[in-house]
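Each remark here refers to the structure printed beneath this line.
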Amino acid sequence: MDTIQVKVEFSGLSRILAKANDMQLFLSPNQTYVDVIRLVAEKYPALVGNVIDKSKTALFPSNVFSRDGKTIVLPEQMNDTPRDGEVLILLSLLAGG
């Protein structure tokens, strides 16, 4: 397989800042979730410093990727490669009362 197609869906804060609902990415088979973060940061710089760390290689701790709406990509999994067709939902976890 030459490319992996991944869809990133924005929700909450990321949707407001990106002014977009989602984006499609085409990755090489050796690219990782860290690369996904970097590509999202390049296309939507308003997310940097708010949702994405200024290094552009990590999400702020209150933000996570939900993999196909079923599981969370854990920090120790960020160097793993997404699956072809995967949908990553960028969630901002907010607490309040």
Checklist outcome for this item: Rounded to the nearest 5, the percent of DSSP beta bridges in segment 4-92 running antiparallel is 75
Item to check | Value of relative contact order over the chain, rounded to a whole percent, pairs C-alpha under 8 Å and six or more apart | outcome: 38
Checklist entry - For segment 1-43, list residues with backbone N below 17 Å from a point placed 7 Å from the Cα of Gln77 toward its Cβ? => result 6-9, 31-37
Checklist entry - lysines near Lys19 by alpha-carbon distance under 21 Å, same-chain residues fewer than 8 away left out - which ones? => result Lys7, Lys43, Lys54, Lys56
Checklist entry - Taking K and R as +1 and D and E as -1, what net charge do the other residues with C-beta under 12 Å from the C-beta of Phe10 add up to? => result +2
Checklist entry - Which order, highest average first, do 68-79, 43-54 follow once you tally other Cβ atoms within 10 Å for each residue and take the mean per peptide? => result 43-54, 68-79
Item to check | Difference of contour (0.36 nm per residue) and Cα-Cα distance, Thr3 to Lys56 | outcome: 16.8 nm
Item to check | Span per principal axis, largest first, for the Cα atoms of the chain (Å) | outcome: 46, 25, 23
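A short reminder: the numbers here are calculations on the coordinates, not readings from a lab. Predicted model, so just to flag it, every value in this text is computed and none were measured. Every residue, glycine among them, receives a Cβ derived from its backbone with ideal geometry; neighbour counts consider all protein chains shown.
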